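Notes to accompany the following structure.
The values are calculated or read from the model by the stated rules, or taken from the named source; none is laboratory data. Everything quoted here is computed from the prediction, not taken from an experiment. Using ideal geometry, Cβ is built from the backbone for each residue, glycine included, and neighbour counts are taken over all protein chains shown.
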Amino acid sequence: MTYILLANAVLIAHLAFVAFVTFGGLLVLRHRRFAWLHLPALAWGIAVELAGRVCPLTPLENRLLKLGGEAGYAGGFIEHLIGRVLYPGDLTPMLRYGLAFVLTAVNVAIYAVVIARRRNGR
């Protein structure tokens, strides 16, 4: 039971991290100091997508699930949990590159607004 709870905690932390990478730029619009946390997280998220690597939290979650007597899952976090909902087929390399591009483009736009506001003294 303890391992399942730990696996669920890792899952929640993983989901929170993905949400922060995706939407953390919106926090920066309100509080610029979040940029120091968001920019490295964003860089990590983009690098993982482009390289097709698996986040270290995925094997940790799988290991905890197996220790708790549950079956783990193949692939990465996005393919397993988010991919099933957002992407009906397999997560192809082209789709991963598209996700990385959208993630980059949205955050470049948000940070452009942050920089423009700073220059205008707001």
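Against the definition (hydrophobic (A, V, I, L, M, F, W, C), more than 20 Å from LEU99 (Cβ to Cβ), in contact with a Gly (Cβ under 9 Å, 6 or more places away or on another chain) and surrounded by 15 or more Cβ atoms within 10 Å (Cβ to Cβ)), how does ALA7 come out, yes or no?
So ALA7 passes the test.
Considering only region 12-38, state which residues are within 22 Å of PRO56 (Cβ to Cβ) and either in contact with a helix residue (DSSP H, G or I) (Cβ under 8 Å, 6 or more places away or on another chain) or surrounded by 13 or more Cβ atoms within 10 Å (Cβ to Cβ) (or both).
Within region 12-38, ALA13, HIS14, LEU15, PHE17, VAL18, PHE20, VAL21, THR22, PHE23, GLY24, LEU37, HIS38 meet the criteria.
Enumerate the pairs (first residue in region 4-26 and modelled with pLDDT of 90 or more; second residue anywhere and among the small types (Gly, Ala, Ser)) with beta-carbon separation below 6 Å, excluding pairs fewer than 6 apart on the same chain, so at least 6 apart or on different chains.
Close Cβ pairs (under 6 Å, with a partner that is among the small types (Gly, Ala, Ser)) amount to PHE20/ALA41; VAL21/ALA41; VAL21/GLY45.
Out of all the residues in region 50-61, which are in a helix (DSSP H, G or I), surrounded by 15 or more Cβ atoms within 10 Å (Cβ to Cβ) and either at pLDDT 80 or above or hydrophobic (A, V, I, L, M, F, W, C) (or both)?
Matches in region 50-61: LEU50, LEU57, LEU60, GLU61.
Based on this model, can you work out whether TYR97 counts as more than 17 Å from ALA47 (Cβ to Cβ), modelled with pLDDT under 90 and surrounded by 12 or more Cβ atoms within 10 Å (Cβ to Cβ)?
Spelling it out, it is not the case that TYR97 is more than 17 Å from ALA47 (Cβ to Cβ), modelled with pLDDT under 90 and surrounded by 12 or more Cβ atoms within 10 Å (Cβ to Cβ).
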